[in-house]
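The values are calculated or read from the model by the stated rules, or taken from the named source; none is laboratory data. Please read these numbers as outputs of a predicted model, since none were measured by experiment. Quick reminder, even Gly has a Cβ in these numbers, built from the backbone with ideal geometry, and neighbours come from all protein chains shown.
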Amino acid sequence: MSGSQLVHPARERAVAILGGDPDDATLRRYLHGIPGVDAVGLEQRAAGLGSRSIKTTSKQWALDKIIELIDLTTLEGADTPGKVRSLVAKALRPDPADATTPRVAAVCVYGDMVPHAVEALGAAHGDPDDGLVSVAAVATAFPSGRSSLAIKLQDTADAVAAGADEIDMVIDRGAFLAGRYGQVFDEIAQVKEACARPDGTSASLKVILETGELNTYDNVRRASWLAILAGGDFIKTSTGKVQPAATLPVTLLMLEVVRDWHRLTGQRIGVKPAGGIRSSKDAIKYLVTVAETVGEEWLQPHLFRYGASSLLNDVLMQRRKTTSGHYSGPDYLTID
Amino acid sequence: MSRLAVPKTYKLAIGGKFPRSESGRTYEVRTADGSFLANAAKASRKDARDAVVAARAAVKGWSGATAYNRGQVLYRIAELLEGRRAQFADEIVALEGVTRAAATAQVDEAIDRWVWYAGWADKFAQVAGNANPVAGPFFNISVPEPTGVVAIIAPQDSSLVGLVSAVAPALVAGNAVVVVASEAYPLPAISLAEVLATSDVPGGVVNTLTGSPAEIAPWLASHEDVNALDLVGAGALDWVDLEIAAADTLKRVLRPEQGADAAAPSLDRITAFTETKTVWHTKSMI
Amino acid sequence: MSFLEYAPAPESRAILNLRDEYGLFIDGEFVEGHGTPFQTISPASEQRIAMISSADSTDVDAAVAAARRAYQRTWSRMSGRDRGKYLFRIARLLQERARELAVAESLDNGKPIKESRDVDVPLVAAWFFYYAGWADKLDHAGLGADPRSLGVAAQVIPWNFPLLMLAWKIAPALAAGNTVVLKPAETTPLTALLFAEIVQQADLPPGVVNIITGAGDTGAALVGHGDVDKVAFTGSTAVGRAIAKTVAGTDTKLTLELGGKAANIVFDDAPIDQAIEGIVNGIFFNQGHVCCAGSRLLVQENVHDEVVERLKARLSTLRLGDPLDKNTDIGAINSREQLERIRELSDAGVDEGAERWTAECEIPDDGFWFAPTIFTNVSTSHRIAREEIFGPVLSVLPFRTPAEAVAKANNTPYGLSAGIWTDKGSRILAVADRLRAGVIWANTFNRFDPSSPFGGYKESGYGREGGRHGLAAYLAPAGAARPARTHVAASEAAAVEAPRKSARTPKRQAKGTKR
């Protein structure tokens, strides 16, 4: 195993938990010793959580909370500085007609768009826990992850240097499926190091598992543990470029891992379902699932995010309905 | 010079052994014309109790055998009976007072019924079971399983074929049996037990009691470790009380049958002593 | 406020159009009973819902006579195809009125609306759909060609799944060509009476379905009636035993679906999060008012503490309260009497040395409630490990090996259901083979389907409901002897008036037919 010579605290803890160096064999023993997942039961539990009925005051609270937890995203080959600027404008004032509308948590862009996002945010750039908006950058040869490690690390370092607060990396699914867990671990650990800033702080690292390619729930559970062991601050379902992207059962499963990790270590890891969540109704199901699986305290920007673009407008439309009492239409909302 | 015959002592058959009744009692078995034939053991309630214990102990092995194996074991009984047709015919002639031809026909019918039921052992589950298309991601299958310990009051007016007709179907699914033989015609039942002992039927799978059904049946009907009660030969007893006693532990009960068709060969006689078990299992690719 | 508390989301009662008083449904009409009427209440509020007629023995006679007439004049002569069409009609009507039925069920029974809406009522419609299709295919039911119906079926059902148990009883009986007299439980008659309205809407010939309400003595009169050909009962083992004695010696056919004390076996390689859900669903579904409830949790000792800890955490998220609130997980206990029994057995658990843990929940002032409760340190000899509690109370017992798990699971006079949780397929199949129970759920629990036979071993009763087996319980082979009473069917009316005696007068009467 290649690897950093630095002894990172996350790595030290992983060694303690795994009972040995995080190489293929040790990780395999550990990850394959985790209890399995029964798909039918998992999906039924998710369906049960999805059938909660959220009304009146709870719904109003939920809609605002969803907005506060959104990573407003544009990840297209055709992205331009202008597109990013208008995305930032939407992030800062989601509903120009209603000043009480909260801001989203972050804007999520490709690494080369980070300077434009930072510039557009200006003074509003900062920690969403303080009511500001972060910049998240996808990195590590997103979405496929098929490039050399050196390029992935450079990709990450560039984004951080340009002002990204959060890095959304992809794992090497090929390595994972081939059983090269040590390699996956090592890449995550090194990307985490590449998130470090000169001042000793570090960008937050979201690890994208691309659950649609991992296919089985057992794999998702193992990859979740692997990503957390390697030092990820967040585990994220998908790039949005592969179907299926985020689903409620997958998110539930990842939340269960986060809950178990917290029980084991006391550390809180974030979860980000991304891709495919388009309606308020769906987003509320995720809120319920978070609250009933890991607890309501997870419903804050540094522990839970939605990776979404079109979701925001649906939430805004619902929000208008709850405040005005009548239904709204798309022409009353801005399209960015 | 005629040879002096050696008469057989007819005992009970419990757990693969041939004990006398623990009570020490016997009763006289007479020919159709009233002359003395033998002393048969007169089983007591404690013999019935011992028989149930032996049967319960035998359930696991017998029901755990493969259906193919049970079929072979049952077929083996027919093979052994075939070689002893004369002995059984002699006993039937003496007891029932029928012609030799009628007695032989009865033996042949009994043998054929063993063969018929032997063939069912690895088939009845396919006929009585089901794959169930439930509306959900589940594998769901229903299979008949043996009820457990079956107590049988054998037909009283037929010494061999009645007995076989009641015992054989209960064995097919893997039940263990305690059978109370015809009171008046008990000898073929004990001779059959001797055949079973030399066949491949494990000890305790068939336990044969001779004596008074009226005396023994209530103890079997109320016994908490008996799962089913076949009253086919209990028509002359106060069988309703037996059924009521059996209800205390919700035993499965077959009611008395009369006449030549009593306990006629049927799949129902096999499934009457089975329980349908349905297993659900989640089904998913991922 | 806490988001987790969720604002109230009550299902509207406006959809219900209840009468203030309900009569007996005999021969296609609602008629007043001769017994003393009683009120049915909501167990969540103790508020009166409606007055219900009580059937005395003359009403039982009238209902059975109506069923006999309908059997002889129309139903037994109708083609299977037409019988099937009636059942399809009923299934559709049930779907059309699903929301109304769900609300009525939760109101009268106390079960959460999400269960009546998502489980009970959809299954009710499914049951009629399934058996509707059987009506013209009886040759394939496994009894040979031209099997015959039995005649008049007397059916007594419990209060835990009022409408679903009605469907389990009526659908196969009608498909097979029988007519029925059904008695719902005293505390939950409402949906059966709404069903009677559906029978009217379906234009089912009068007398094919008769519904009589009342208490235990009404049920006893019905199952002991000399002119019924079939008795089907779901309820307690004690009452089932009494009924078995009642029909002993008669020509009446009997199926019984009785109590249980199911083992839910969790092995150390179980899919743990789904097992926790399965345990919760196994014992807290329908407040534990389930005969097949997984009331004994057998946990491999090396994961015992972890399972119990996770279970407690999970139970702490359950919501107890208004059954009509869509977010309620645990509704009301069905009656004060049942609540007393749950309390009594739980107290016995404490007295016998088991350790009690109860989820923290706010208990409403009115109505009957019992918070989800777990007992650990339970021995197989404790009453809470042997007796059916029929409430939200779980007894946890450890085991060390698969053999011990099987032995403990089978160590009960009951044998209705069991659960197995392990990732190892071969073990599932082997353990399933050895468990003496009629329904085995592997990595799931409390699943029901009209195509899947359900019923018990040993003292959990006999006969199966659901599937082909459930149909066969209402049929006899073509050649089977018909009890003397139905041979006179040809001369119709006269035959109906003639007094009919069963082969033997019942020795004892069943007392109490609740559950």
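Structure data summary
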read-out: Check on B:Ala86, out of contact with any strand residue (DSSP E or B) (no Cβ under 7 Å at 6 or more places or on another chain), surrounded by fewer than 16 Cβ atoms within 10 Å (Cβ to Cβ) and in a helix (DSSP H, G or I); value: yes
read-out: Failed item in (1) surrounded by fewer than 22 Cβ atoms within 10 Å (Cβ to Cβ); (2) at the interface with another protein chain (Cβ under 9 Å from one of its Cβ atoms), with C:Phe454 passing the rest; value: (1)
read-out: In the range C:129-162, residue nearest to C:Gly80 (Cα to Cα) [restricted to those that are within 14 Å of chain B (Cβ to nearest Cβ) and touching a Lys or Arg at 6+ places or on another chain (Cβ under 9 Å)]; value: C:Trp134
read-out: Among the residues listed as A:Asp112, A:Asp130, the single one being surrounded by fewer than 24 Cβ atoms within 10 Å (Cβ to Cβ) and within 22 Å of A:Leu303 (Cα to Cα); value: A:Asp130
read-out: Matching residues in the range C:406-424 - criterion: being within 14 Å of chain A (Cβ to nearest Cβ) and under 14 Å from C:Val299 (Cβ atoms); value: C:Gly419, C:Ile420, C:Trp421, C:Thr422
read-out: Selected residue [in contact (Cβ under 8 Å) with a residue 12 or more places away in the chain, closer than 18 Å to C:Leu163 by Cα and either basic (Lys, Arg) or within 14 Å of chain A (Cβ to nearest Cβ) (or both)] from C:Arg81, C:Arg69, C:Arg73, C:Arg97; value: C:Arg97
read-out: Contacts under 8 angstrom Cβ, first residue in the range A:168-187 being under 16 Å from A:Phe142 (Cβ atoms), partner of a type in the set (Ser, Thr, Tyr) and at pLDDT below 95, 6 or more apart; value: none
read-out: Unmet criterion (only one of (1) more than 15 Å from B:Ala262 (Cβ to Cβ); (2) out of contact with any Ser or Thr (no Cβ under 6 Å at 6 or more places or on another chain); (3) in a loop (DSSP other than H, G, I, E, B); (4) not acidic (Asp, Glu)) for B:Ser158; value: (1)
read-out: All positions within the range C:284-317 that are closer than 25 Å to C:Ile41 by Cα and either part of a helix (DSSP H, G or I) or out of contact with any Lys or Arg (no Cβ under 9 Å at 6 or more places or on another chain) (or both); value: C:Phe284, C:Phe285, C:Asn286, C:Gln287, C:Gly288, C:Val290
read-out: Selection within the range B:59-68 - surrounded by fewer than 22 Cβ atoms within 10 Å (Cβ to Cβ), part of a helix (DSSP H, G or I) and touching a residue at least 40 places away in the same chain (Cβ under 8 Å); value: B:Val59, B:Gly61, B:Ser63, B:Gly64, B:Ala67, B:Tyr68
read-out: Residue check for B:Ala246: assigned to a loop (DSSP other than H, G, I, E, B) and surrounded by 23 or more Cβ atoms within 10 Å (Cβ to Cβ); value: no
read-out: Residue selected from the range C:248-276 under the condition charged (D, E, K, R) and surrounded by 24 or more Cβ atoms within 10 Å (Cβ to Cβ), by the criterion farthest from the other protein chains (Cβ to nearest Cβ); value: C:Lys261
read-out: Boolean, B:Glu215 is within 30 Å of C:Phe445 (Cα to Cα), at pLDDT 95 or above and surrounded by fewer than 21 Cβ atoms within 10 Å (Cβ to Cβ); value: no
read-out: The range C:362-391 residues that are touching a residue at least 24 places away in the same chain (Cβ under 8 Å), paired with ones that are charged (D, E, K, R) and assigned to a loop (DSSP other than H, G, I, E, B) (beta carbon under 6 Å, 6 or more apart); value: C:Asp366/C:Glu46; C:Gly367/C:Glu46; C:His382/C:Glu352; C:Glu388/C:Lys261
read-out: Residue list for the range B:1-58, filter: out of contact with any strand residue (DSSP E or B) (no Cβ under 7 Å at 6 or more places or on another chain) and assigned to a strand (DSSP E or B); value: B:Lys17
read-out: Subset of the range C:442-451 [in contact (Cβ under 8 Å) with a residue 24 or more places away in the chain, surrounded by fewer than 24 Cβ atoms within 10 Å (Cβ to Cβ) and within 7 Å of another protein chain (Cβ to nearest Cβ)]; value: C:Asp449, C:Ser451
read-out: Test: C:Ile113 is on the phi < 0 side of the Ramachandran plot, modelled with pLDDT of 95 or more and within 14 Å of chain A (Cβ to nearest Cβ); value: yes
read-out: So C:Gly438, is it within 7 Å of chain B (Cβ to nearest Cβ), without any contact (Cβ under 8 Å) to a residue 40 or more places away in the chain and surrounded by 22 or more Cβ atoms within 10 Å (Cβ to Cβ); value: yes
read-out: Selection within the range A:45-57 - of a type outside the set (A, V, I, L, M) and either within 14 Å of B:Ile286 (Cβ to Cβ) or within 7 Å of another protein chain (Cβ to nearest Cβ) (or both); value: A:Arg45, A:Ser51, A:Arg52, A:Ser53, A:Lys55, A:Thr56, A:Thr57
read-out: Total residues in the range B:113-131, condition assigned to a strand (DSSP E or B) and more than 7 Å from chain C (Cβ to nearest Cβ); value: 1
read-out: Selection within the range B:253-286 - among the hydroxyl-bearing types (Ser, Thr, Tyr), outside any strand (DSSP E or B) and more than 14 Å from chain A (Cβ to nearest Cβ); value: B:Ser266, B:Thr271
read-out: Residue in the range A:16-36 that is within 7 Å of another protein chain (Cβ to nearest Cβ) and under 25 Å from the mean Cα position of the chain (by Cα) present; value: yes
read-out: Candidates B:Ala193, B:Ala214, filtered to the one that is within 21 Å of B:Ala51 (Cβ to Cβ), in a helix (DSSP H, G or I), more than 12 Å from chain C (Cβ to nearest Cβ) and in contact with a strand residue (DSSP E or B) (Cβ under 8 Å, 6 or more places away or on another chain); value: B:Ala193
read-out: Subset of the range B:132-155 (residues that are in a loop (DSSP other than H, G, I, E, B) and either more than 23 Å from B:Ala48 (Cα to Cα) or hydrophobic (A, V, I, L, M, F, W, C) (or both)); value: B:Asn132, B:Pro133, B:Val134, B:Ala135, B:Gly136, B:Pro137, B:Ala154
read-out: Matching option when the condition is touching a Phe, Trp or Tyr at 6+ places or on another chain (Cβ under 8 Å) and either of a type in the set (Phe, Trp, Tyr) or over 30 Å from C:Arg436 (Cα atoms) (or both), among B:Leu81, B:Leu74; value: B:Leu81
read-out: Residue within the range A:68-76 that is surrounded by fewer than 16 Cβ atoms within 10 Å (Cβ to Cβ), touching a residue at least 40 places away in the same chain (Cβ under 8 Å) and within 14 Å of chain C (Cβ to nearest Cβ) present; value: no
read-out: Residues that are within 22 Å of the chain's Cα centre (by Cα), under 17 Å from A:Val138 (Cβ atoms), part of a loop (DSSP other than H, G, I, E, B) and of a type outside the set (Asp, Glu), drawn from the range A:73-111; value: A:Thr74, A:Leu75, A:Gly77, A:Val104, A:Ala105
